[in-house]
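Participant: Just dropping this structure here.
The values are calculated or read from the model by the stated rules, or taken from the named source; none is laboratory data. Everything quoted here is computed from the prediction, not taken from an experiment. A quick note on method: Cβ atoms are made from the backbone with ideal geometry, for glycine too, and the neighbour counts reach across all protein chains shown. In case anyone asks, the SASA skips ligands and DNA or RNA and just uses the protein heavy atoms, side chains included. Shrake-Rupley method; radii C 1.70, N 1.55, O 1.52, S 1.80 Å.
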Amino acid sequence: MKKRWMLKCNSSDIKKLSKETGYDETLVNILVNRGIKKLEDINKFMNASLEDLYDPFLMKDMQKGIDIITYAIKVNKKIVIYGDYDADGVTSTVILYKALRRCNANCSYYVPHRELEGYGMNDERIRIMKEEGVELIITCDNGISSIEPVKLAKKLGIEVIITDHHELPFMENENGEREYFIPEADAIINPKRQDCKYPFKMLCGAGVAFKFVQALYRSKDIPIEETYELLQYVSIGTICDIVDLVDENRILTKQGLKVLKDTKNKGLIALMDENKIDIKKLKSYHIGFVIGPCINATGRLETAELSVKLLLESNEEQAKVLASELHNLNTERQRMTTESVEKTIDFIENSSIKNDKVFVIFMDNIHESIAGIVAGKIREKYNIPTIILTKGKNIIKGSGRSIENYNMFEELIKCKDFLEKFGGHPMAAGLSLKEENIKILREKLNENCILKEKDFIPKLTIDKRLRLDLVSEEFVKNIQLLEPFGKGNSCPMFAEKNVLVNQINILGKDKNTLKLNLNFHKGFNKINGVCFGRAQEFLNDLKEKFNGNYDNVLNNPTNLFMDFIFYADINEYKGFVTPQIRIIDYRFSNNSKKK
C-alpha cells in the first residue's frame, strides 16, 4: 500500500536549544517536532526523574480512599481487589495486592473471566463476595462504568473504592448534550473525573494504582523507596495499555524498565527466559510485543488469574511452569489470530464489502477474545476502519479499530439505537448487538462516513532528512536517549533521497526479508538497509518498474536510486557492531534509469 510521506517542519532555533541543553541538534529537533520546545520541558523529558512525579493527593478522592483503606486494615476488614483480565488489569492487581499485603491487610484478589463475566464488576460476583464475608472492594482498571454493581454492593453493605482511568459514562439529553455520571462508590479515584484537578490525565490503570500506593505508603510512613519495586509492573501496564508515553507515563515507564532489567521477580525472569529475552537489553518493544501478549493470552484463552499468579510466584520451579503455560497460550493465540486474519482477508477479497468505507464483518468462527486483534490486523492491511463481529455467549460481540480522521466511538454513538452495549475511544471500541442488526449497523456506518479517498492513504511522518553517513553507533545511542518508545513517543523516522543501491539480497526462511547494500550519497562508503516482511512486495515493484530488464537490475542494480524512510539502527552479529538502517518504506527515485 502506497503511503504519503510528510516531513515535519518547525520554526524553533534548534542550534540555540542544542547549545543550551547540551543535547545533539537532531535530538532537539525531534523533541521540538513533538511539541517539547522549552528548555525546562526538554530537560524534564530527558531526565524522566521520579522527583517530577505529581503529588498523589492532588487526585480527587485520594484522601477519602486512603482513609477508608487504612481504617479497613486497622480493624482487619476482609478486602478484595477487583481486577481486570488484560495486562493493565493484571499489573494493577499485582501492584495493589503487594502493597496491601505490605501494610498487613486482610486481602485477596479477584480477576473476572472474559467470556463468562465480561469486563467490570458483576452482580453475581458481588453477591458471592458478600456471602464470603467481603467488607471492602477496591477496583483497579475498572469500575467507573459499574453503576448498578456498585449500587448492589452498597445495598449489601460492602464499601467500594474505585481506582480507574477509563472515560466516564454519559447520557445524551434531547439537545445532544452529554451528562456525565459516576457510580455511588465511597471513593472514586480517576484522573478523568470532571472535578479532578490532577495535572496529568493519561495514566493507565496500573499508573492510578501506583499513585494510590504512593499515597498509602506516605500515610503509613513507609519509605517512598519501597514503592520503586512496583514500577516494573507500572511500566508493563503502561506500555501494554498503549497510553501516551509522555509526562508522568514516561517517567514511570523509563524508571520501571530500569527496575525490570534488574528484577528479582521469579515470574518475570522465567517469562523472559521462556521467550529468550536478554534481560539486560530489555526495551519497550519486548514488553509491548512479547511479554504483554503472553500476559494477555491468559485472559483471552484461559483465566488471567494465571498471569497474576506468575507475577506473585516466589518459587522458581513453579514460576517456570507458569511461564511455559503463558508462552504456550500465546503461541496458540498467535496461531488462531493468523488463521482468522487469513479467513477474513479471503472473505473481504471475495465479497462486495471490499468497496466499503467502514468494514463491519461478521465471522462467527472467530474466538471473541481475539476479535480486536483481528480488527487491528485488517485495519493495518487495508487502512480502513474495521469492526470484527463474532458470536458471544448470548449475543453478537465485536471489537473495532480505527484510522486517523475517523472517530469510531463518536460514529457508534450515532448508531446506538442498533446496539445493546458499546464503549471505547476514537481509535478503538467494543460493542454487542443482536444478529439482525448487523446489516443495519454496516449500512448506517457507511452512510454516515464522510472520509475522502485521501483519508485512506496512510501517512508516514518524517522527523528529519538524514544523510546515511551520519548513521553511526554514537548517533544511534543518542537516539536511544529518547526511549522508551511507544504511543505519543514513537521511534524517530528519518528519510533520505537518491540513495544508490549497490546490491540486493532476499533473506529469511520465508524469503521475505529484504537486505540492500547502499552507497552513501556521492561517496564510496556503504551501509546496509534491512526491510522485514516486504521482500516479495519489493520484487513485484521492481518488476513493474523495470519489466523486461528486471533480472538485470536485480542481479546488478547499476543506476538504481531509491528514496527511503528508515529508523537508525545497530546490527550486532558475532560480536561485531555495525550501524544499519531499518527500512520502513521505499520508493524508486526519479533518476533511477531503466536499462
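Participant: Using packing as a proxy for protection, rank 65-76, 44-55, 570-581, 240-251 so that the peptide with the highest average count of other Cβ atoms within 10 Å comes first.
Facilitator: 240-251, 65-76, 44-55, 570-581
Participant: What's the FRET efficiency of Glu316 with Lys281 using the Cβ-Cβ distance as r and R₀ = 22 Å, to the nearest 0.05?
Facilitator: Step by step, r from the Cβ atoms, then E = 0.50.
Participant: Over all distinct alpha-carbon pairs, what is the Kirkwood Rh of region 115-207 in angstrom?
Facilitator: In region 115-207 this quantity evaluates to 14.1 Å.
Participant: If you roll a 1.4 angstrom probe over the protein chains with everything in place, what fraction of the accessible area of the chain belongs to carbon and sulfur, to the nearest %?
Facilitator: 47
Participant: Now, a different point. Using only Cα atoms, locate the centre of region 1-38 and the centre of region 200-216, then give the distance between them in Å, rounded to an integer.
Facilitator: 31
Participant: Counting only heavy atoms of protein chains, what accessible area per residue, in Å², does region 62-142 have with a probe of 1.4 Å?
Facilitator: 38
Participant: Counting residues in region 248-381 as N, plug N into 2.2 N^0.38 Å and put the Cα Rg over that result.
Facilitator: Working: Rg = 17.9 Å, N = 134, 2.2 N^0.38 = 14.1 Å.
Here the Cα radius of gyration is 1.26 times the empirical estimate.
Participant: Something else: What is the extension gain from Gln194 to Leu539, computed as 0.36 nm multiplied by their sequence separation minus the C-alpha to C-alpha distance, in nm to one decimal?
Facilitator: Between Gln194 and Leu539, full extension yields an extra 118.8 nm.
Participant: For region 1-63, compute the orientation-averaged projected area of the C-alpha convex hull (one quarter of its surface), in nm².
Facilitator: Values: hull surface 30.7 nm².
Mean projected area of the Cα convex hull: 7.7 nm².
Participant: Run the 1.4 Å probe and let me know the accessible area of His367, rounded to the nearest 10 Å².
Facilitator: The accessible area comes out at roughly 50 Å².
Participant: Further question on the same structure: Expressed in nm to one decimal, what extension gain is obtained for the pair Lys2 and Glu473 from 0.36 nm per residue of sequence separation less their Cα-Cα distance?
Facilitator: Details: separation 471, 0.36 × 471 = 169.56 nm, distance 3.10 nm.
Full extension from Lys2 to Glu473 adds 166.5 nm.
Participant: Let me have the 222 nm mean residue ellipticity of the chain computed from DSSP H runs of 4+ only, each contributing -39500 (n - 2.57), with the sum over all residues rounded to the nearest 500.
Facilitator: Estimated from H runs of four or more residues: -11500 deg cm²/dmol.
Participant: With respect to the cross-link table entries Lys343/Lys439; Lys283/Lys320; Lys281/Lys459; Lys154/Lys220; Lys8/Lys497; Lys64/Lys220, which display a Cα-Cα separation exceeding 24 Å?
Facilitator: Values: Lys343/Lys439 20 Å; Lys283/Lys320 22 Å; Lys281/Lys459 31 Å; Lys154/Lys220 27 Å; Lys8/Lys497 16 Å; Lys64/Lys220 15 Å.
Checking Cα-Cα distances, Lys281/Lys459; Lys154/Lys220 exceed 24 Å.
Participant: At 1.4 Å probe size, with every protein chain present, just tell me what the per residue accessible area of region 440-586 comes to in Å².
Facilitator: Heavy-atom SASA per residue in region 440-586 reads 53 Å².
Participant: Tell me the accessible surface of Ser11 in square angstrom (1.4 angstrom probe, heavy atoms of protein chains only), to the nearest ten.
Facilitator: Probe radius 1.4 Å; accessible area of Ser11 about 120 Å².
Participant: Given R₀ = 25 Å, FRET efficiency for Asn173-His425 by Cβ-Cβ distance, to 0.05?
Facilitator: According to the calculation, E is roughly 0.70.
Participant: Using a probe radius of 1.4 Å on heavy atoms only, what accessible surface per residue do you get for region 321-406? Whole Å² is fine.
Facilitator: On a per-residue basis, 44 Å².
Participant: Once you charge only the Cβ atoms, +1 for Lys and Arg and -1 for Asp and Glu, what is the size of the charge dipole of region 279-361 about its Cα centre, to the nearest 20 debye?
Facilitator: That gives a dipole near 400 debye.
Participant: Please grab the % of Cα pairs in region 481-525 that end up more than 12 Å from each other.
Facilitator: Here the tail beyond 12 Å accounts for 73 percent of pairs.
Participant: What three numbers, in Å, describe the spread of the alpha carbons of the chain along their principal axes, ordered from the longest?
Facilitator: Ordered largest first, the chain gives principal extents of 83, 58, 53 Å.
Participant: Still on this structure, please answer the following. Which value, in nm² and rounded to one decimal, describes the direction-averaged projected area of the C-alpha convex hull of region 324-453?
Facilitator: With the hull built on Cα positions only, its mean projection is 8.0 nm².
Participant: Tell me the net charge near Lys280. Cut-off is 14 Å between Cβ atoms, Lys280 excluded, with +1 for each Lys or Arg and -1 for each Asp or Glu.
Facilitator: So the surrounding residues net to +1.
Participant: Expressed in whole Å with the largest first, what are the equivalent ellipsoid semi-axes of region 463-595 derived from the C-alpha gyration tensor as the square root of 5 times each eigenvalue?
Facilitator: Working: eigenvalues 135, 51, 43 Å².
The three semi-axes for region 463-595 are 26, 16, 15 Å.
Participant: Compute the convex hull volume of the Cα atoms of region 404-532, divide it by the residue count, and report the result per residue in Å³ as a whole number.
Facilitator: 192
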